[in-house]
Amino acid sequence: MAQFSLGAITQVFAGHISTIALAAVSIENSVIAGFFFGIMLGTGSALETLCGQAFGAGKISMFGVYLQRSWVILTVTALILSLLYIFAAPILTFICQTAAISAMAGVFSIYMIPQIFAYAINFPTAKFLQSQSKIMVMAAISGVALVIHTLLTCMASHV
C-alpha cells in the first residue's frame, strides 16, 4: 500500500498549488509514469521466475547473479525510456492535450526521470526479497520511503 501511495501523495500536494499543476501531475502519473511502471514491473517480474527456479534447484548462489543482471537490463531500459520522459511535452501535445497542461507535465516528467531508475533497482530487489519470503523488509523500506516522500513533497509544495 505504501508503494502505491507515492503517486497519490504527489497529486494531493499538487492540487494545493493550482488546477493546472494537478492536471499535469495527474497526466504524468497516469499516462507517462503508468506506462513505464508497467514496462519496468513486467521486465523486473522475470526475476521472480528465475529466483524461484534457483531456489527450487538449490542454487541459492545464483540469486545475486540474477539480481545484478536484472539491474543492468532494467537500467539500460530506463536509459532508453528516459528519452520519452524528456520529450513528454511534445508527445502529450501530439495526443491532443492542451498546451498548458502538456508544457507543465513535460517539466514535471523531467523531474520524474529519477523515478524510472528507482524502478530499475526497486522491482528486481522486491522480487529478490519476495522469493526469499522477506516481505517485512519490503514493507519497512516502502513505509520509510512514503514518509520521506510525503515530507519532501510537503516542503516542495510550500516553496
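The values are calculated or read from the model by the stated rules, or taken from the named source; none is laboratory data. Not measured: the values here are computed from a predicted model. In this analysis, Cβ positions are derived from the backbone assuming ideal geometry, glycine residues included, and neighbour counts consider all displayed protein chains.
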Test: residue in the stretch 59-78 that is more than 21 Å from the chain's Cα centre (by Cα) and basic (Lys, Arg): yes
Pair list, Cβ under 7 Å, 6 or more apart: the stretch 1-29 residue farther than 18 Å from Ala89 by Cβ, other residue surrounded by fewer than 16 Cβ atoms within 10 Å (Cβ to Cβ) and modelled with pLDDT of 75 or more: Ala2/Gly143; Phe13/Cys154
Residue within the stretch 39-56 that is farther than 22 Å from Thr150 by Cβ, of a type in the set (Gly, Ala, Ser) and assigned to a loop (DSSP other than H, G, I, E, B) present: yes
When residues of the stretch 101-159 are limited to those that are surrounded by fewer than 17 Cβ atoms within 10 Å (Cβ to Cβ), touching a helix residue (DSSP H, G or I) at 6+ places or on another chain (Cβ under 8 Å) and hydroxyl-bearing (Ser, Thr, Tyr), the one nearest to Thr10 (Cα to Cα): Thr150
Members of the stretch 79-113 that are at pLDDT below 90, within 19 Å of the chain's Cα centre (by Cα) and assigned to a loop (DSSP other than H, G, I, E, B): Met112
Within the stretch 120-152, considering residues that are within 16 Å of the chain's Cα centre (by Cα) and polar (S, T, N, Q), the one nearest to Leu81 (Cα to Cα): Asn122
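A quick yes/no check of all residues on (1) touching a residue at least 40 places away in the same chain (Cβ under 8 Å); (2) of a type in the set (Asp, Glu); (3) closer than 20 Å to Ile110 by Cβ:
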residue	(1), (2), (3)
Gly34	no, no, yes
Phe37	yes, no, yes
Leu41	yes, no, no
Val65	no, no, no
Leu81	yes, no, yes
